[in-house]
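Engineer: Before we start, here is the structure in question, set down as structure tokens.
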Amino acid sequence: MYDHDFEKRDLRFLKRRGKLEIYLDILFSIYKLAGRSWAKITRVMYMTNLNPKSLKEKLQELSYLDLIIWDERGVKLTEKGFSFLKEINTIFEKYKIHPIWHTKVYD
């Protein structure tokens, strides 16, 4: 007997992530690792499954948008970044979207 669900699951993993999904993965991984404190960049890299060059580019872009602070201590969400995550989380809950990170953002 042929299992169609198994085929869909295989194809889902072949799909590449879009820019927005990568940015959200980075922001949620920072939140999950450290909350409002500093997260180690290496841990963020492992959680988001990005290579160092790609992560550095994305962190620069998020820093430019003032969503994160990034320096030798690591990476940290700004107030703007934290507010952004809360809004995204609210939207996901409202439309019953279940992202892969399954992390609620609390004050």
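Engineer: Given (1) at pLDDT 95 or above; (2) in contact with a Lys or Arg (Cβ under 9 Å, 6 or more places away or on another chain), identify the lone condition not met by ASP107.
Structural biologist: Going through the list (1) at pLDDT 95 or above; (2) in contact with a Lys or Arg (Cβ under 9 Å, 6 or more places away or on another chain), ASP107 breaks only (1).
Engineer: Under the condition of being assigned to a helix (DSSP H, G or I) and without any contact (Cβ under 8 Å) to a residue 12 or more places away in the chain, which residue from the stretch 62-78 is surrounded by the fewest Cβ atoms within 10 Å (Cβ to Cβ)?
Structural biologist: Taking the stretch 62-78 first, the residues assigned to a helix (DSSP H, G or I) are 62-64.
Of the ones still in play, those that are also without any contact (Cβ under 8 Å) to a residue 12 or more places away in the chain are 63-64.
Working: SER63: 16, TYR64: 9.
Top of the filtered list is TYR64.
Engineer: Another question about this same structure. So which residues in the stretch 83-103 are surrounded by 11 or more Cβ atoms within 10 Å (Cβ to Cβ) and either touching an Asp or Glu at 6+ places or on another chain (Cβ under 7 Å) or modelled with pLDDT under 85 (or both)?
Structural biologist: Within the stretch 83-103, PRO99, TRP101, THR103 meet the criteria.
Engineer: If you don't mind, there's one more thing I want to ask. Can you tell me which residues in the stretch 38-54 are within 12 Å of TYR23 (Cα to Cα) and crowded, with 20+ Cβ neighbours inside 10 Å?
Structural biologist: Correct list: VAL44, THR48, LEU50.
The values are calculated or read from the model by the stated rules, or taken from the named source; none is laboratory data. The shown structure was predicted, so the numbers you read here are calculated from the model rather than taken from an experiment. So basically every Cβ, Gly included, is an ideal-geometry build from the backbone, and we count neighbours across all protein chains shown.
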